[in-house]
Each structure stands twice: as structure tokens, then as C-alpha cells.
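First the structure, in the form of C-alpha cells, and then the observations on it.
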Amino acid sequence: MPPTDRKEPGRKWAIFLAILVHLIFVAVLVFGVSWQTREAGPVMAELWSSLPAPAQKVVPKPEPAPEPRPEPKPEPKPEPKPEPKPEPKIEQPKPSKVDIELKAKEKEKKLKEEQKKLEEQKKAETEKRKQAELKHQEKEKQKQERLVQEQQRESMRQQQEATNALARQQASAQARMEGDYKGRIRDKIKRYIIVPPDVPGNPQAEFEVTLMPSGEVLNAKLTRSSGNPAYDNAVERAIYKAQPLPLPPDASLFGRFRELQLKFRLNE
Amino acid sequence: MNVTHDLSFLSLITNASVLVQLVLLVLLLASGLSWYFIFGKLFAIRAAISEADKFEDEFWSGADLNNLYQRVSSGRTQVVGMEKIFEAGFREFLKLKRQGRMDIAVIMEGTRRAMRAACQRELDALEQHLAFLASVGSVSPYIGLFGTVWGIMNAFRSLANVVQATLAHVAPGIAEALIATAMGLFAAIPAVLAYNHFSHDVDRLATRFDSFMEEFSNILQRQANT
């Protein structure tokens, strides 16, 4: 009996399942494993030479902590001076009357003197105390003043910083505008340059252009020739033809445009 | 060497050297074929086992052998497995018996030979692609390893031109090389498992066929004597 060509059961199913298994395998490889070690993409960052003013205002400057005020030193109290003791009377053998009188007088004198002394002392003490108090007050005052001054200085500094930042910003804006307008001027002039035929190489001519506030050209002076007079002439003609040159609307900026150094390269 | 950090799977493969790509292609083909055979064998062997079960049930239910033979040999259904053995044996038996004046031993010998031939054919059909599975299982890891070694060689060779060698210079090359090994293992592991499983199944079927043949010869011998 010849071996009949037998039909495999479920042949299509086998093919289908085999493909399915491989698709699952590939899917696991592609999605299951994180093959990614991609570095973070480039990040654009603007660099500011100074923070914009409002932002700075928001940030509260840490106030300088009030210095622990040194306790006013207790003034050394003037020690109470020992009261002059009344001198013990020395019983003397009674002398003569005159003597007694004399002695009495002397005594009186002494007493008076002592009283005077005492008063003077008292006065001096009060004076001293007053002076000390005054000194103390003055010190206090000075300290407060110093504090106030410091605060003022701080605030002034902040203000100044803010104004500085503002000024810097303005300056940068101005510089930007200046560059912008210079570029515009150059562009406008370049549009008018009619390049003479057969100019060899890539010549560069430098001109000093004097402008009027209206944008008219007062004078155009060749400061560095390109070495090719035809090109120099063409540029000069273009400078005059390009009048009026564009100037920034802000008239205060004109000072920077009064005299311009412009370079014209043939192929830029 | 252009060091790319984008290790997406596809770019790894497309950036690999030609030989590694070739290895991957071979392995993919081997894997695809082996999976196809795995599923094909799975269905075939399962069908053979269930068919053998069914036929044994029918055979031992005490049905008349002539009726059974009529039904099997009518050609309406494809005859496979145990039915085929039965059909071949019974046909040979009937032919020899019809010739008459023959020794019983000779008749039984012829019948047995016919059954053995049918059994061999059946087993051969069942085992048809198992050898392929075996070779994929044993060889594809080596093929993958070859691709990996080649890829790593390239990766290190390109490192020679670099003054400051970092891991980033070698990593993509090694990664792409290791894909070859992964592919080889992916092809090999199921193939080996399937080969072992199927050869075991086929062995069991062979012993079942053998025992059926012995029992059937006994029955025929008894019938021939009567």
C-alpha cells in the first residue's frame, strides 16, 4: 500500500499560532523592555544679565534683623557718700568765755562749710546723673538713628538696584534697538547697491556715515577702501540713494546714530 | 562609531552589523518554523491520541470485526493511526485466508508484517518534524551566541579608536549583540520543550500501537482457527 499523502490536521491554525507567538515576542521586546536611555532634549533658556525689575520687587529682601540692642548698662549709681559725721564734741575743760564764743563761732563756721559742701556734692551728683542720662539718651538716639539710616540705606540700595536693573534693561533694549536699526540701515543701503560687473573676490568697504535726525545722509566718508574703486563708488552711491535711512522713532537714541561705522561686504 | 543613545529595539537591529542581522534572520526563520511545527505536531498528536482512544473503545466494545473493517475501508474518512493498522492487518489477513490451504502460522506472519509496516508508517508521520525541533533546540543557542560574540567583537574593536572609553561606547554594541542570544534562546527553549514532550507522546502512542497489534493478532489467530 503506497503511503498516501496525508493531510496535517490544523495546518492553518499552526501557522496562525506560530505567527501570533512571534508577534507577542516582538511586542514584548519592543514595548515591554524600556530600551530608552535617551537624554533629555535640549532646553532653551534665556539668559538675563539682571532680573526684570518687578520680579525683584516681589522678592522680599530679608530685612536685616534688628540687632539685639545691648541693654543699657545700669549706670553705676553714685555711692551714697558717707555723711560726714558730726564731729564728736570733745569735752574740753571749759575755757574762758571768749574762748567759748570763739569756739562757737568756729563751730558755726564749720557747720556752714559742711552744709555748703554737702549741697555742692548733691548738686554735683544730680549734675552727673543728668549728664549720664543725657549721654544714655543720646546713645539711644544715635543707635536709632543708625538703624534708621541703615534701613534707609537698604531701601535706597534696593531702589537703586531696581533702577539699575531697569536702566540695564532699558540699555539692553536700546542696544537691541540700536543693533536692529543699524541692521535695517545696512539692509536698506545694500538693497541699493548696484554691484559693478566683474568684481573679484569678496571686497569689503567701510564707510563712516553722518546722519541728520530726519534720516538724511549728511556725509559718507570712505574709511577703508575695499581695494576696488568701482565697488566703493557703488556703495557710496547706494548710501545716498537709500535716503532717508530708517531711524528709531525714539529721538533720544539719535545720538548713537549720528555717526555710523558701516561695513559692506559683497557676499554676506 | 556614532554613539547613539537611542536604544530602541528597531534601531538596535538596524544598526547591527550585517552578520548579526543575518544571524537574527536565521534564528527568526528557525523560530518561526519550529513554532509552526510545534503547533502542527500538537494538533496532529492530540488528534492521533483521541482517534486511538475512540477506535479502542469501538474495537473492544465487541463489535463485529467484519463490520468494523467495512466501515473503515469504505474510504469515506481518512484513515489514520490505529484504524490504519487495523485496516492493513485485517486486509492482509483476509487476503491470505482467501487463498486457503495455508498454514496458520504463515497467515499470522503475513498479517503481522503488514500491521508492523502500517505502524511504522504512522509513527514516521507522527515523528516527521521532531528532528527539526531537536536540532533547533540544540543549535540555535550556538547560532545566537555566535552573533553575540561577533557583535561584541565589533563593539570592542570600535572602542580602540576612542581615547576615553566609556561604557556608553560599548553599550549599544553589546545590547545589539545580546539580542542575538535572546533570539537564539527564544527559538531553542520552546523547541526543546516541545521535542521532549512530543517524543514522549509518540513513544506512548508507539507502545499503544504495539500492544494493539499483539492483541489484534491474538484475536485473528483465534478467528483463523475456527
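The values are calculated or read from the model by the stated rules, or taken from the named source; none is laboratory data. Here the structure is a predicted model, which is why all the values come from computation and not from measurement. Don't worry about glycine lacking a Cβ; one is built from the backbone with ideal geometry, like all the others, and counts go over all protein chains shown. Note: accessible area is taken over every heavy atom of the protein model, side chains too, but ligands, DNA and RNA are not part of it. Shrake-Rupley method; radii C 1.70, N 1.55, O 1.52, S 1.80 Å.
Would you check if A:Lys135 is modelled with pLDDT under 55 and in a helix (DSSP H, G or I)? Before you say what the answer is, go through the steps one by one.
Working: modelled with pLDDT under 55: no; in a helix (DSSP H, G or I): yes.
Answer is no for this residue.
Run B:Ala168 past the list (1) more than 30 Å from B:Glu214 (Cα to Cα); (2) in contact with a helix residue (DSSP H, G or I) (Cβ under 6 Å, 6 or more places away or on another chain) and report the number of the one that doesn't hold.
(2)
Hey, among B:Ile179, B:Ile143, B:Ile219, which residue is at pLDDT 90 or above and either open to solvent by less than 20 Å² (accessible area, probe 1.4 Å) or part of a helix (DSSP H, G or I) (or both)? Outline the logic, then answer.
Details: B:Ile179 fails: at pLDDT 90 or above; B:Ile219 fails: at pLDDT 90 or above.
Every option except B:Ile143 fails the conditions.
Being in contact (Cβ under 8 Å) with a residue 24 or more places away in the chain and hydroxyl-bearing (Ser, Thr, Tyr) is the filter; apply it to the range B:177-223 and report the residue that is nearest to B:Ser138 (Cα to Cα).
B:Tyr195
Hey, does the range A:144-165 have a residue that's over 29 Å from the mean Cα position of the chain (by Cα) and open to solvent by 60 Å² or more (accessible area, probe 1.4 Å)?
no
Among the candidates B:Phe43, B:Phe37, which residue alone is without any contact (Cβ under 8 Å) to a residue 24 or more places away in the chain, within 10 Å of another protein chain (Cβ to nearest Cβ), part of a helix (DSSP H, G or I) and not polar (S, T, N, Q)?
Result of the check over B:Phe43, B:Phe37: B:Phe43.
What single numbered condition from (1) of a type in the set (Asp, Glu); (2) more than 23 Å from the chain's Cα centre (by Cα); (3) surrounded by fewer than 18 Cβ atoms within 10 Å (Cβ to Cβ) fails to hold for B:Asp53?
Among (1) of a type in the set (Asp, Glu); (2) more than 23 Å from the chain's Cα centre (by Cα); (3) surrounded by fewer than 18 Cβ atoms within 10 Å (Cβ to Cβ), B:Asp53 violates only (2).
Out of all the residues in the range B:56-75, is one or more within 30 Å of B:Ala187 (Cβ to Cβ) and either in a helix (DSSP H, G or I) or over 28 Å from the mean Cα position of the chain (by Cα) (or both)?
Checked the range B:56-75: no residue is within 30 Å of B:Ala187 (Cβ to Cβ) and either in a helix (DSSP H, G or I) or over 28 Å from the mean Cα position of the chain (by Cα) (or both).
Mind listing whichever residues of the range B:92-115 are within 13 Å of another protein chain (Cβ to nearest Cβ) and under 30 Å from the mean Cα position of the chain (by Cα)?
Start the filter on the range B:92-115 by keeping residues that are within 13 Å of another protein chain (Cβ to nearest Cβ), which leaves B:92, B:95, B:113-115.
Within the range B:92-115, B:Arg113, B:Ala114, B:Met115 meet the criteria.
Any residue that is within 30 Å of B:Val162 (Cα to Cα), in a helix (DSSP H, G or I) and within 14 Å of chain A (Cβ to nearest Cβ) - is there at least one of those in the range B:15-34? Write out each step before concluding.
Kept after step one, since they are within 30 Å of B:Val162 (Cα to Cα), are these residues of the range B:15-34: B:15-24.
Retained after the next criterion (residues that are in a helix (DSSP H, G or I)): B:15, B:18-24.
With the extra rule that they be within 14 Å of chain A (Cβ to nearest Cβ), the set shrinks to B:15, B:24.
The answer is yes; a qualifying residue exists.
With respect to A:Pro229, determine if the residue is farther than 22 Å from A:Arg256 by Cα and at pLDDT below 80.
No; evaluated as a whole, the condition is false for this residue.
Could you list all residues from the range B:63-90 that are at pLDDT below 80 and loosely packed, with under 10 Cβ neighbours inside 10 Å?
B:Ser74, B:Gly75, B:Arg76, B:Thr77
Of all residues in the range A:184-226, how many are hydroxyl-bearing (Ser, Thr, Tyr) and under 22 Å from A:Arg256 (Cβ atoms)?
Count: 3.
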